[in-house]
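Notes to accompany the following structure.
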Amino acid sequence: MLTSGKPVPIVIPHFANIFGNGKLFNLIPSPVIISFLVFVVSWFLFNRTKFGFYVRSIGGNQEAARVAGIDIGRVKMAAYTMSGMFACVSGLIIAALFNGGLPDVGSDLALDSISGVILGGTAISGGVGSIFGTLGGCLIIAMLNNGMSLMGAQYHVQIFVKGMVIILAVLMDNAFKSRR
């Protein structure tokens, strides 16, 4: 709204090197390092702290978590705050890679993120999932995006294929659950 939908160039010195184009030891790109740090912090929080246990409990059965004495509102607020922080870090990386603020650059990333989480084994109904599974699912979506882009697939075809992959993943998840 402030820019009337126009791109805004970033003129801060070294911003692009810190978040986008920089490399550690002239080898590892800075977005990879930042993503790795976010991954490690997330893994630690969700697997080694009470907060992670509370989040998994609420995702599994919110009413049982409430009866067990978990402050659901506080845990949800913390989880949403973390989500906002992660979105901020992602926005900084994207802005640095494009060397500017583009108003609609991330509009289709929600589908990719949800697809990656579902492909990673997180149940749509909640409660079951892992950070490593989500990482694997997101890597599959990234390879799918890159492959379709290299093949020259049109945007609407890419959306269709990703939708079919999500449907297939949900059907497979339901089939595996019914066998158990």
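Restricting attention to the range 1-10, and to residues there that are without any contact (Cβ under 8 Å) to a residue 40 or more places away in the chain and either touching a Phe, Trp or Tyr at 6+ places or on another chain (Cβ under 6 Å) or of a type in the set (A, V, I, L, M, F, W, C) (or both), which single residue is surrounded by the most Cβ atoms within 10 Å (Cβ to Cβ)?
Residues of the range 1-10 without any contact (Cβ under 8 Å) to a residue 40 or more places away in the chain: 1-2, 4.
Among the residues that remain, those that are also either touching a Phe, Trp or Tyr at 6+ places or on another chain (Cβ under 6 Å) or of a type in the set (A, V, I, L, M, F, W, C) (or both) are: 1-2.
Numbers: Met1: 5, Leu2: 7.
Here the residue is Leu2.
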Checked Gly84, Gly69, Gly59 against criteria (in contact (Cβ under 8 Å) with a residue 12 or more places away in the chain and out of contact with any helix residue (DSSP H, G or I) (no Cβ under 8 Å at 6 or more places or on another chain)); the one match is Gly59
Across the range 94-110, what is the total count of residues that are over 18 Å from Leu2 (Cα atoms), small (Gly, Ala, Ser) and in contact (Cβ under 8 Å) with a residue 40 or more places away in the chain?
-> 1
What is the one condition in (1) in contact with a Lys or Arg (Cβ under 6 Å, 6 or more places away or on another chain); (2) modelled with pLDDT of 90 or more; (3) not β-branched (Val, Ile, Thr) that Gly84 does not satisfy?
-> (1)
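Test Gly91 against the criterion of being under 28 Å from Trp43 (Cβ atoms), in the same structural domain as Arg56 (by TED's automatic domain parsing), free of Cβ contacts under 8 Å to residues at least 24 places away in the same chain and not in a helix (DSSP H, G or I), and give yes or no.
no
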Has the range 171-179 got at least one residue that is under 29 Å from Asn47 (Cα atoms), of a type in the set (Lys, Arg) and surrounded by 11 or more Cβ atoms within 10 Å (Cβ to Cβ)?
-> yes
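Looking at the range 3-21 only, could you name the residues that are among the aliphatic types (A, V, I, L, M) and touching a strand residue (DSSP E or B) at 6+ places or on another chain (Cβ under 9 Å)?
Initial filter on the range 3-21 (among the aliphatic types (A, V, I, L, M)): 8, 10-12, 16, 18.
The answer is Val8, Ile10.
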How many residues are part of a helix (DSSP H, G or I) and under 21 Å from Ser42 (Cβ atoms) when one looks only at the range 57-88?
-> 21
Can you find a residue in the range 11-23 that is without any contact (Cβ under 8 Å) to a residue 40 or more places away in the chain, touching a Ser or Thr at 6+ places or on another chain (Cβ under 7 Å) and loosely packed, with under 15 Cβ neighbours inside 10 Å?
-> yes
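The values are calculated or read from the model by the stated rules, or taken from the named source; none is laboratory data. Everything numeric here is computed off the predicted structure, so don't read it as measured data. As a convention, Cβ positions derive from the backbone with ideal geometry for all residues, glycine included, and neighbour counts pool all protein chains shown.
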